[in-house]
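Take a look at the structure below.
The values are calculated or read from the model by the stated rules, or taken from the named source; none is laboratory data. This structure is a prediction, so every number in the text was calculated from the model and none was measured. Cβ coordinates were reconstructed from backbone atoms using ideal geometry, including for glycine residues, and neighbour counts include every protein chain displayed.
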Amino acid sequence: KRRAEARRELDRALALHPRYTAARLERALLDAAEGFIGEALESLRALARETEVERPLVFQQGLESLERAEWEAAGLLFTGALSLDEPADGNALEQARALLEAGDAVQAAGLLQAALPGRESWPDLHYLLGSAELQRGHFDDALSTLARALELNPEFHAARLQFARALDGVGELAQAAEQVALVLQRDPAHPQALELHERWTSLGR
């Protein structure tokens, strides 16, 4: 289910930005993970023809790994060959924030999924992706993604409050309240945490 959802999000991102290198790579690796090695190799060779590959020998090693169905190892090689493991300028995150504020969680999620390869250690990216999943009502996905943001940065109060909202969405009311209490314990004047606490208290939670 998660792979099918990721495929749909990447397809949406590529419909908007057909030359989005990270999304094209991730889409090909999804094909490989599902056994479509030939299709993945064809897509990646096309990518190499149309994109500047900074480390062509490493890219070739990735193709050879993929031919052996070692798609996870190949993914690391491709990421390095295309320099996708280097910090981005943050434009994708800013665009995603703007899309979320406009209520367009579908496009925001697609943009963030495409930006994720090579940036798995960015808590902000997981927070925004979790927020998009939450906005779409995909509570289980949101819980998983926001939990990762909190693993990377346990003091990320905004992510913890979104995590609380996702818990509330799946009916885990006591755990949701505990997450809000954790934020208030660290920052008693946190406005969003206070608002959630007061609203849930008024509902008898």
- Message: Of the conditions (1) in contact (Cβ under 8 Å) with a residue 24 or more places away in the chain; (2) over 18 Å from Arg8 (Cα atoms); (3) surrounded by fewer than 23 Cβ atoms within 10 Å (Cβ to Cβ); (4) among the hydrophobic types (A, V, I, L, M, F, W, C), Phe163 satisfies every one except a single condition; which number is it?
- Response: (3)
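Quick check on Ala166: is it modelled with pLDDT of 95 or more and within 23 Å of Leu93 (Cα to Cα)?
On the way: modelled with pLDDT of 95 or more: yes; within 23 Å of Leu93 (Cα to Cα): yes.
Considered against the rule, which asks whether it is modelled with pLDDT of 95 or more and within 23 Å of Leu93 (Cα to Cα), Ala166 comes out as yes.
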- So is Leu194 buried (at least 19 other Cβ atoms within 10 Å of the Cβ), of a type in the set (A, V, I, L, M, F, W, C) and part of a helix (DSSP H, G or I) or not? no
- What pairs come up if the first residue lies in segment 44-64 and is closer than 19 Å to Arg19 by Cβ and surrounded by 14 or more Cβ atoms within 10 Å (Cβ to Cβ), the second is charged (D, E, K, R) and modelled with pLDDT of 85 or more, and their beta carbons are under 8 Å apart, counting only those six or more places apart or on different chains? Leu47/Arg24
- Item | Number of the condition not met by Leu84 [criteria: (1) exposed (fewer than 15 other Cβ atoms within 10 Å of the Cβ); (2) at pLDDT below 85; (3) of a type outside the set (Phe, Trp, Tyr)] | (1)
- Message: Any residue at all in segment 163-174 that's over 22 Å from Leu100 (Cα atoms) and basic (Lys, Arg)?
- Response: no
- Query: Name the residues in segment 13-40 that are crowded, with 18+ Cβ neighbours inside 10 Å and either more than 15 Å from Glu72 (Cβ to Cβ) or modelled with pLDDT under 85 (or both), would you?
  - Reply: Ala13, Tyr20, Thr21, Ala22, Ala23, Arg24, Arg27
- Task: Just give me the residues in segment 113-154 being in contact (Cβ under 8 Å) with a residue 40 or more places away in the chain and part of a helix (DSSP H, G or I), in sequence order.
- Result: Gln113, Ala114, Ala115, Asp141
- Note on the structure: Given (1) modelled with pLDDT under 90; (2) within 18 Å of Leu29 (Cβ to Cβ); (3) not acidic (Asp, Glu), Leu93 misses just (2)
- Note on the structure: segment 4-89: helices (runs of 4 or more DSSP H) wholly inside it with 1 or more residues that are farther than 21 Å from Ala115 by Cβ and touching a Ser or Thr at 6+ places or on another chain (Cβ under 6 Å) are 71-81
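Yes/no per residue for (1) modelled with pLDDT of 95 or more; (2) over 26 Å from Ala74 (Cβ atoms); (3) of a type outside the set (S, T, N, Q):
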{"residue": "Ala109", "(1), (2), (3)": "no, no, yes"}
{"residue": "Leu116", "(1), (2), (3)": "no, no, yes"}
{"residue": "Phe139", "(1), (2), (3)": "yes, yes, yes"}
{"residue": "Leu143", "(1), (2), (3)": "yes, yes, yes"}
{"residue": "Leu152", "(1), (2), (3)": "no, no, yes"}
{"residue": "Gln162", "(1), (2), (3)": "yes, yes, no"}
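Quick check: is even one residue across segment 128-143 over 22 Å from Glu101 (Cα atoms), not assigned by TED's automatic domain parsing to the domain that holds Thr21 and not aliphatic (A, V, I, L, M)?
The answer is no, given that none of the residues of segment 128-143 is over 22 Å from Glu101 (Cα atoms), not assigned by TED's automatic domain parsing to the domain that holds Thr21 and not aliphatic (A, V, I, L, M).
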